[in-house]
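Written below as structure tokens is the structure these notes are about.
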Amino acid sequence: MNVQMNFSQLESYIGKNVRINRGGPESQEGKLLELKEDFLTLLGQKNTVIFYQGTHIKSVTINTKEEVEVIVPIEEPVFEFVSGESFSEVLDELVFSTVQINRGGPEKVEGVLLEVNDDHIIVGKEAELVHIALFHVKSVSKVVKMTEQEESSNNQEDNAKENRRENLFSNYWQPVSKK
């Protein structure tokens with residue numbers, strides 16, 4: 001039996017901060033970017049775009065006490081992320097990209113997505129080929145490696161933002177499709 005949450009009631013929360021799942025390694029807070037029939041897209045910490053397969057989402061929490069903040073528009077670069085109409089289409093778009101499968105725990109795998117099949121994916125991790133049943137892929141995100149200088153700069157910026165309690169999420173993300 002394929003049981004998953006109906007996302008249609010969450011459409012009004014696109015662009016708002018939400019928490020996916022209540023706890024554990026798959027729990028993540030971020031900006032809801034898009035909703036599709038079998039997955040949703042979240043902009044997580046450190047500008048990581050995470051695709052959650054619908055069958056593994058246990059809950060979506062919306063903070064109704066969030067303060068209304070006035071955002072003065074400034075020119076920021078427009079960031080792009082892959083998109084598709086289904087979770088498997090997103091996986092197809094990510095083939096040959098370095099990805100992180102699942103957010104944590106023993107089944108977390110980071111490597112190059114080599115192949116997407118009807119029932120499993122293949123991830124190349126160092127000298128290993130990891131075959132993962134598609135059903136057990138809870139989430140996937142593209143891994144962006146930073147240089148030491150960028151990482152140091154990011155850490156300083158993150159600390160400053162935390163001290164000022166500013167919104168960490170950009171309003172300028174757009175889905176793209178490789179065609």
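For Glu37 and Glu115, the difference between the fully extended length at 0.36 nm per residue and the C-alpha to C-alpha distance is 25.8 nm. Amide H contacts under 5 Å for Gly111: Val99, Ile101, restricted to partners 5 or more places along the chain or on a different chain, H placed in the peptide plane at 1.01 Å from N. Amide hydrogen proximity for Leu40: with H placed 1.01 Å from N in the peptide plane, the residues at 5 or more positions away or on another chain lying under 5 Å are Tyr52, Gly54.
Fully extended, how many nm does the chain gain between Lys65 and Lys46 (0.36 nm per residue separation, minus their Cα-Cα distance)?
Working: separation 19, 0.36 × 19 = 6.84 nm, distance 2.36 nm.
Stretched fully, the Lys65-Lys46 segment lengthens by 4.5 nm.
Structure note, pairs Lys31/Lys142; Lys36/Lys125; Lys36/Lys138; Lys31/Lys138; Lys36/Lys108; Lys65/Lys138: Cα-Cα distances above 22 angstrom occur for Lys36/Lys125; Lys36/Lys108; Lys65/Lys138.
The modelled label-to-label distance for the pair Leu10/Ser97, using points 7 Å beyond Cα in the direction of Cβ, is 1.9 nm.
Take the Cα of Phe135, go 7 Å toward its beta carbon, and the backbone nitrogen atoms of region 100-125 under 18 Å from that spot belong to 102, 107, 117-122.
Length gained on full extension, Lys108 to Lys125: 5.0 nm, using 0.36 nm per residue less the C-alpha separation.
Values quoted throughout were computed directly from the atomic coordinates according to the rules given, and no laboratory measurement underlies them. Just so it is clear, the model here is predicted, and its values are computed rather than measured. Because the Cβ atoms are built from the backbone with ideal geometry, glycine has one as well, and the counts that use them run over all protein chains shown.
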